[in-house]
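Below: the structure, in structure tokens.
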Amino acid sequence: MARIDLNHIRHAYGANPKSDKDYALREVHHSFEDGGAYALLGPSGCGKTTLLNIISGLLHASHGQLLFDGKDVTRLSTQERNIAQVFQFPVIYDTMTVYDNLAFPLRNRGVPEADVDRKVRETLDMIDLASWARRKARGLTADQKQKISLGRGLVRSDVNAILFDEPLTVIDPHMKWVLRSQLKQLHRRFGYTMIYVTHDQTEALTFADKVVVMYDGEIVQIGTPAELFERPKHTFVGYFIGSPGMNVMPVAVEGKRAKLGEQVIDLPGAPKAEGNGIELGIRPEYVRLGAKGMPVTIRKVEDIGRHKVVRASLEGREIAAILGEDDHVPADPHVTFDPAGINLYDKSWRVEMGA
Ligand code: ADP
Ligand code: MG
């Protein structure tokens, strides 16, 4: 497997890109470490598939450079890059048996038949299709076909990386869970470099050691699931990760205080920026509901089992708070913000606080 460096990658699908908005990828500069399990997370249309295809060579970037273990592969073909890629929908040979579908990528590379047999059987067990080995792929369900596709990606261990583009979309929920934990085990066992694209935060957070969050053609943050949760560098990350996502509200900052309408919030440190145009982000988990603090109007209480989500109105804006299952909404409700959960953002993203 290999380390993958993306150096200042930009990509436009159209012929004459004029402004930033003509680029599907604007400035992607990042390294995937050898043996890392990465998730590429972001909403539909943010450029995830474009980036994967640039890594595998299905697409050549308009600008920038791609290195595998320090070697420039920018101009190499897909074959020469030696990458396994699993797509959202099955890519298999309908007229071949399940067994031959998996054997094909190995035979193609001249792997001795005894090794082919061993690898194919191992992979068939993993995708739970051993008893279907001799069946033609044509008659199988969409779910089974996608498992073959997954198997074809996993059967070769000599590749530089394995890329997955939302591979479990068509798989039923239980099997999704099983396959995802198998992918994780595979990673632990063999140390493959894996990049797993998804728009589903649960999938990303359970699969990856490092999550790469993309938004509108750019990487906005890379971190462990805990880092993304505790210290989102961009309001989008805070909003996209977590359920419900981070509350974001405009404030005016003066020294160690933030003003939200008539309310004053004490900050845990002195921010490195002052004035208007700053947004305060706080996760619902850090919003305390009680008898003191800023007055709120309760709009809705959703009981979701282990805890309740309270939707309230604070200074005319909706804010979410989380209550333990045994906690109750006070008669005259107020909120305070736990300073540990306060993040500030200016237009250049996160505003760091002082000591
Ligand atoms: P994602 O995989 O995150 O949903 P994509 O990489 O598919 O996003 O798309 C990123 C952007 O590039 C979108 O705005 C999409 O409309 C555009 N795009 C994707 N493929 C093509 C294409 N073949 N031709 C033109 N525009 C494309
Ligand atoms: Mg996509």
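Structure data summary
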item: Matching residues in segment 134-180 - criterion: being away from ligand 2 (no atom under 16 Å from the Cβ) and of a type in the set (S, T, Y); result: T141, S157
item: Residue ranges of strands (runs of 3 or more DSSP E) in segment 265-352 with at least 3 members open to solvent by 60 Å² or more (accessible area, probe 1.4 Å); result: 297-303
item: Extreme residue, farthest from ligand 1 (Cβ to nearest atom), among residues of segment 143-188 that are hydroxyl-bearing (S, T, Y) and in a helix (DSSP H, G or I); result: S181
item: Of residues in segment 201-228 being free of Cβ contacts under 8 Å to residues at least 40 places away in the same chain and open to solvent by 40 Å² or more (accessible area, probe 1.4 Å), the one farthest from ligand 1 (Cβ to nearest atom); result: A226
item: Matching residues in segment 49-97 - criterion: being open to solvent by 20 Å² or more (accessible area, probe 1.4 Å), within 16 Å of ligand 2 (Cβ to nearest atom) and assigned to a helix (DSSP H, G or I); result: T49, N53
item: Test result for V253, open to solvent by less than 60 Å² (accessible area, probe 1.4 Å), in contact with a Pro (Cβ under 9 Å, 6 or more places away or on another chain) and touching a residue at least 24 places away in the same chain (Cβ under 8 Å); result: yes
item: Residue, least open to solvent (accessible area, probe 1.4 Å), within segment 189-200, restricted to residues that are among the aromatic types (F, W, Y) and not in a loop (DSSP other than H, G, I, E, B); result: Y196
item: Hits in segment 201-247 - residues which are in contact with a Ser or Thr (Cβ under 9 Å, 6 or more places away or on another chain), assigned to a loop (DSSP other than H, G, I, E, B) and under 30 Å from T123 (Cα atoms); result: A208, D209
item: Segment 189-200, subset more than 16 Å from ligand 1 (Cβ to nearest atom) and touching a residue at least 40 places away in the same chain (Cβ under 8 Å), residue nearest to G45 (Cα to Cα); result: M194
item: Filter pass, I171 being within 21 Å of the chain's Cα centre (by Cα), under 30 Å from S44 (Cα atoms) and open to solvent by less than 40 Å² (accessible area, probe 1.4 Å); result: yes
item: Where a residue in segment 14-26 is touching a residue at least 12 places away in the same chain (Cβ under 8 Å) and its partner, wherever it lies, is of a type in the set (A, V, I, L, M) and assigned to a loop (DSSP other than H, G, I, E, B), with Cβ under 9 Å and at least six apart; result: Y23/A12; A24/A12; L25/A12; L25/A61
item: Matching residues, segment 35-48, being away from ligand 2 (no atom under 16 Å from the Cβ) and part of a strand (DSSP E or B); result: A37
item: Candidates P90, P105, filtered to the one that is more than 16 Å from ligand 1 (Cβ to nearest atom), over 22 Å from the mean Cα position of the chain (by Cα) and touching a residue at least 40 places away in the same chain (Cβ under 8 Å); result: P105
item: Leading residue by the ranking (farthest from ligand 1 (Cβ to nearest atom)) among those in segment 11-48 that are under 21 Å from F68 (Cβ atoms) and open to solvent by 60 Å² or more (accessible area, probe 1.4 Å); result: D34
item: Pairs with Cβ under 7 Å, 6+ apart, first in segment 262-278 and more than 18 Å from P339 (Cα to Cα), second among the charged types (D, E, K, R) and at pLDDT below 90; result: G277/K347
item: Residue identified as β-branched (V, I, T), over 18 Å from P232 (Cα atoms) and touching a strand residue (DSSP E or B) at 6+ places or on another chain (Cβ under 9 Å) among V253, V287; result: V253
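The values are calculated or read from the model by the stated rules, or taken from the named source; none is laboratory data. It should be emphasised that the depicted structure is a prediction, and the values quoted were computed from it without experimental measurement. Cβ: placed from backbone, ideal geometry, glycine included. Neighbour counts: every protein chain shown. For accessibility, only protein heavy atoms count, side chains too; no ligands or nucleic acids. Shrake-Rupley method; radii C 1.70, N 1.55, O 1.52, S 1.80 Å.
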